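What follows is a short report on a single structure.
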Amino acid sequence: MESSILAKLGFDPAYIFLFLIALIIILFVLYVNLSLKYDRLKNSYGAFMKGKNGKNLEESILDRFVEIDTLAKITKQNRQEVKECSRKFNNTLQKVGIVKYDAFNEMGGKLSFAIAILDGKNNGYIMNAMHSREGCYTYMKEIVGGESYVELSEEESEALDRAIFSEAYDMEVKDTID
């Protein structure tokens with residue numbers, strides 16, 4: 001029994017049959033893949049909704065929003081407090097430079113010293129303690145903006161420079177230690 005329609009097409013009906021079988025196999029593979037994805041989604045949804053109805057889920061989400069708002073307020077407050085601490089820290093004595101030296105040739109051991117103590121704006125003091133056989137003499141000079149109104153000795157100037165450039169000095173010391 002031959003069909004006149006298939007004879008007019010000019011190719012063997014077996015090709016159509018093979019094409020339909022391949023199409024069925026491809027559709028079956030796609031169906032299995034889709035079915036597996038659906039099962040995974042169903043399991044995930046079941047785990048997500050376990051013990052919750054729509055109202056409980058809504059309350060849960062709203063609670064999370066409240067927590068996020070609270071965390072945002074705390075973060076804003078913490079930022080303000082850090083800025084305030086940073087501003088206050090600039091006014092604390094935080095830079096130190098010290099130079100030990102022999103004030104008089106008669107003494108050994110570098111018992112004299114000049115120490116500069118500055119804040120973040122390079123304001124502070126230089127203390128110079130000169131040790132001799134007769135006693136120890138201590139002098140204090142005020143520093144404003146990294147400058148002194150009174151002339152500084154060589155050791156005091158070096159101590160001031162070490163304090164002002166203490167970060168660079170610390171790096172140089174670390175480099176020589178390593």
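Relative contact order for the chain: what is it in percent, counting Cα pairs under 8 Å that are at least 6 residues apart?
Once normalised by length, the contact order is 14 percent.
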The list (1) 42.2, 136; (2) 18.1, 55; (3) 15.6, 52 gives values of Rg and Dmax of the Cα atoms in Å, and only one came from this structure; which label was calculated from it?
(1)
Quickly work out the ILE21-to-LYS37 label distance, labels modelled 7 Å from Cα along the C-beta direction, and quote it in nm with one decimal.
2.9 nm
With only helices counted (DSSP H, runs n ≥ 4, each -39500 (n - 2.57)), the per-residue ellipticity at 222 nm for the chain, to the nearest 500, works out to -20000 deg cm²/dmol
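Each reported figure results from applying straightforward, stated rules to the coordinates on display, with no laboratory input. These numbers were taken from a predicted model, which means no experiment stands behind them. Glycine gets a Cβ as well: all are built from the backbone with ideal geometry, and neighbour counts include every protein chain shown.
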